[in-house]
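**Q** I am attaching a structure below and will ask some questions about it afterwards.
The values are calculated or read from the model by the stated rules, or taken from the named source; none is laboratory data. The structure presented is a predicted model; accordingly, all values stated were derived computationally and were not measured. Every residue, glycine as well, gets a Cβ built from its backbone with ideal geometry; the counts of neighbours run over all protein chains shown.
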Amino acid sequence: MSRREPQPLLALGLCGLLFGCRNGMEDQPKVRELQGSEFFQDGRAARPRVAGTVARGHLHDDELLETGKLGGRAADLFPYPIDAGALARGRERYDVYCSACHDRTGGGDGMVVRRGFPRPASFHDPRLRAAPVGYFVDVMANGFRRMYPFADRVSARDRWAIAAYIRALQLSRNASLADASSDGRGELSKEER
């Protein structure tokens, strides 16, 4: 006579206990947004922000980096060194956020302009060529005329990288062979042949 193993019955009983028990998460006291609460004197469940507190990573205490200004005026210096990596990042972000209106060369003939949207100013316009680099950062952050603000979409560092790339576009439009390095001149000479 064989004796029945209690293991299947034990496993079935444990499953019943595990899945039959409520963990109480749905029974915990909680507050839904914009719902009243008797806990606080003002009767609101949603609490106002505590004065003087700042979310981690959102202090924005560097005026130049965040606004493109120093002492309330557009700055003509960068808050960090601009290298090939920053220019590459600026080009990539420019292509994503700016080229639809300003086109890839900065002339102001992007795809949306070709489809009827009003033409923005060319970055090669003498007024914008003479503008401090911080001007572009400020316009990206706060918008200008029909251009809406991009501060919530483009980080401060990326706005500066885009501004650096705009400067490179401006310089490239009016560059001469003498402006190129000796290595660059050699490469350009090879291309002309």
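**Q** Report every pair of residues separated by at least 6 positions or lying on different chains whose Cβ atoms are under 8 Å apart, first residue within region 117-145 and free of Cβ contacts under 8 Å to residues at least 24 places away in the same chain and surrounded by fewer than 15 Cβ atoms within 10 Å (Cβ to Cβ), second in a loop (DSSP other than H, G, I, E, B) and of a type in the set (A, V, I, L, M).
**A** Cβ pairs passing all conditions: Arg127/Ala121; Asn142/Ala151.
**Q** Here's something else I'd like to know. Only one of (1) surrounded by fewer than 15 Cβ atoms within 10 Å (Cβ to Cβ); (2) outside any helix (DSSP H, G or I) fails for Val96. Which number is that?
**A** Failing condition for Val96: (2).
**Q** Here is a further query. Identify the single condition in (1) surrounded by fewer than 17 Cβ atoms within 10 Å (Cβ to Cβ); (2) more than 18 Å from the chain's Cα centre (by Cα); (3) not aliphatic (A, V, I, L, M) that Tyr148 does not satisfy, given that it satisfies every other one.
**A** For Tyr148, the exception is condition (2).
**Q** Can you name the number of the only condition in (1) surrounded by fewer than 18 Cβ atoms within 10 Å (Cβ to Cβ); (2) in contact with a helix residue (DSSP H, G or I) (Cβ under 9 Å, 6 or more places away or on another chain) that Gly110 fails?
**A** If we test Gly110 against (1) surrounded by fewer than 18 Cβ atoms within 10 Å (Cβ to Cβ); (2) in contact with a helix residue (DSSP H, G or I) (Cβ under 9 Å, 6 or more places away or on another chain), just (1) comes out false.
**Q** Let me ask something additional. If Thr105 satisfies every condition in (1) hydroxyl-bearing (Ser, Thr, Tyr); (2) loosely packed, with under 14 Cβ neighbours inside 10 Å; (3) more than 23 Å from Glu63 (Cα to Cα); (4) in contact (Cβ under 8 Å) with a residue 24 or more places away in the chain but one, which is the exception?
**A** Result: Thr105 fails condition (2) only.
**Q** Mind listing whichever residues of region 173-182 are farther than 17 Å from Asp83 by Cβ and either modelled with pLDDT of 90 or more or out of contact with any Leu (no Cβ under 9 Å at 6 or more places or on another chain) (or both)?
**A** Initially, region 173-182 is screened for residues farther than 17 Å from Asp83 by Cβ, giving 173-180, 182.
Scanning region 173-182 gives Arg173, Asn174, Ala175, Ser176, Ala178, Ser182.
**Q** Of all helices (runs of 4 or more DSSP H) completely enclosed by region 103-193, which ones contain at least 1 residues that are in contact with a strand residue (DSSP E or B) (Cβ under 8 Å, 6 or more places away or on another chain) and under 17 Å from Lys69 (Cβ atoms)?
**A** Details: elements: 111-114, 126-130, 133-142, 156-173, 182-192.
Output list reads 133-142.
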